[in-house]
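Every number in this text was worked out from the coordinates using simple rules, so none of it is lab data. Predicted model only: the values in this text are computed from it and were never measured. Cβ placement follows ideal geometry from the backbone for every residue including glycine, while neighbour counts extend to all protein chains displayed.
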């Protein structure tokens, strides 16, 4: 039984990356997953991805480029204020300047570099 599609998708991506695969397919997609994949691609962790439509529901095929060490969701989702980014970077990322926090803000889903010192939101996931 699936409860968190984003967490399942990030686990699928991480496991395929660790197995050395060139691509993976994620089922049960959502708008949050689409936004998260867009941020991950912009930061250079994955290649292109495209949505495949079928009768059972859509799937996303993702090209992996071998740059992901770890990616996970933050459960339970944590509210983060605009001056707390450094605290959460120290908690979740391995070093300063390495990795990306993914945050859901009133302006949409963004990386922590885009929102730093400007707006807060809900911490969703991290990748490095």
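Choose one answer from 28, 112, 83: the residue with the largest mean-square fluctuation in a GNM of the chain with alpha-carbon springs under 10 Å.
83
Mind pulling the angle between the C-alpha long axis of helix 5-18 and the longest principal axis of the chain? Nearest 10 degrees, somewhere in 0 to 90.
Roughly 80 degrees between the two axes.
Hey, could you pull the Cα Rg and Dmax for the chain, both in Å?
Values for the chain (Cα only, Rg and Dmax): 14.4, 46 Å.
Can you figure out the FRET efficiency of residue 105 with residue 63, using R₀ = 30 Å and their beta-carbon distance, to the nearest 0.05?
The value I calculate is 0.60.
Using Cα atoms only, what is the angle between the long axis of helix 31-42 and the major principal axis of the chain, expressed in degrees (0 to 90) to the nearest 10?
Rounded to the nearest ten degrees, it is 80.
Give me Rg over Rh for the range 5-64, both radii from the alpha carbons and Rh done the Kirkwood way, two decimal places. All intermediate terms of the calculation are to be shown ahead of the outcome.
Working: Rg = 10.7 Å, Rh = 11.5 Å.
In the range 5-64, Rg relative to Rh is 0.93.
I'd like to know how the range 65-128 sits against the 2.2 N^0.38 Å rule of thumb: what's its Cα Rg over that expected value? Walk me through the numbers before you get to the answer.
Details: Rg = 11.1 Å, N = 64, 2.2 N^0.38 = 10.7 Å.
Working it through for the range 65-128, the quotient is 1.04.
Using the eigenvalues of the Cα gyration tensor, what equivalent ellipsoid semi-axes result for the range 36-104 when each is taken as the square root of five times the eigenvalue, whole Å, largest first?
27, 16, 10
Relative to the present Cα-Cα distance, how much length would full extension add between residue 83 and residue 22 at 0.36 nm per residue of separation? Could you put the intermediate results ahead of the total?
Numbers: separation 61, 0.36 × 61 = 21.96 nm, distance 3.83 nm.
Full extension from residue 83 to residue 22 adds 18.1 nm.
Please give the length that would be gained between residue 98 and residue 41 if that part of the chain were fully extended, namely 0.36 nm times their separation in residues minus their C-alpha to C-alpha distance (nm, one decimal).
Here the answer is 19.0 nm.
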